[in-house]
Amino acid sequence: MTRKAKAEHASGYTVLLVDDNPDYLQATRLLLEREGHNVLTATNGQEALGILPGQRVDLVLLDYFMPGMTGEQVVAELRRFDPFVQVILQTGYASEQHPRELLQRLDVQGLLRQDRRARAALAVAPRWGSKAARAAGVMRKIRRGVQIILDKTPRSLPPDAGRRARLPES
């Protein structure tokens, strides 16, 4: 039985795949496309940072160790202009840093090893990463709507109505 070259239906998710290894980049791009995702690729951090501001990207699959800029440096730059995009770091090396600490410090959604066992996780990662990104987007829209309502509420309310509310920043 032969494998399908393309998914029957597009997932609607766009994934930016960033890796300096051209063989891994090609194989992973094909795997993600077969799952129905739109895949953009970059071979280094600077290239990825050039793509991100002009594209709607649901998930960034980012190599941690790359020449020029590490994945950590890319995430730091990325968070300056898009604090909400979902990021999963990938590495083929055992990290000296504890994964949980790294995930919290960088505010990324996951860490995947680049090995054969990761293929199954890699196939589903764009779906859960993209769903989380869309949920965060809905929450931002709701927050803006509530803030508009609060901004239009008259400042002089009856004494028992309490003080004018402001939503806390997140």
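Between a first residue in region 95-111 that is modelled with pLDDT under 70 and a second residue that is of a type in the set (A, V, I, L, M) and open to solvent by less than 50 Å² (accessible area, probe 1.4 Å), which pairs have beta carbons less than 8 Å apart while being 6 or more apart in sequence or on different chains?
Ser95/Leu102
Scan region 34-50 and give yes if some residue there is at pLDDT below 85 and touching a Ser or Thr at 6+ places or on another chain (Cβ under 8 Å), otherwise no.
Yes, because at least one residue in region 34-50 is at pLDDT below 85 and touching a Ser or Thr at 6+ places or on another chain (Cβ under 8 Å).
Name every residue in region 23-46 that is part of a helix (DSSP H, G or I), open to solvent by 10 Å² or more (accessible area, probe 1.4 Å) and among the aliphatic types (A, V, I, L, M), in order of residue number.
Within region 23-46, Leu25, Ala27, Leu30, Leu31 qualify.
Quick check: anything in region 47-58 more than 19 Å from Glu101 (Cα to Cα), assigned to a helix (DSSP H, G or I) and touching a Phe, Trp or Tyr at 6+ places or on another chain (Cβ under 8 Å)?
The answer is yes; a qualifying residue exists.
The values are calculated or read from the model by the stated rules, or taken from the named source; none is laboratory data. On a predicted model such as this, the values are computed, not experimentally measured, just so you know. Every residue, glycine as well, gets a Cβ built from its backbone with ideal geometry; the counts of neighbours run over all protein chains shown. Please note that ligands, DNA and RNA were not included when accessible areas were found on the heavy atoms of the full protein model with its side chains. Shrake-Rupley method; radii C 1.70, N 1.55, O 1.52, S 1.80 Å.
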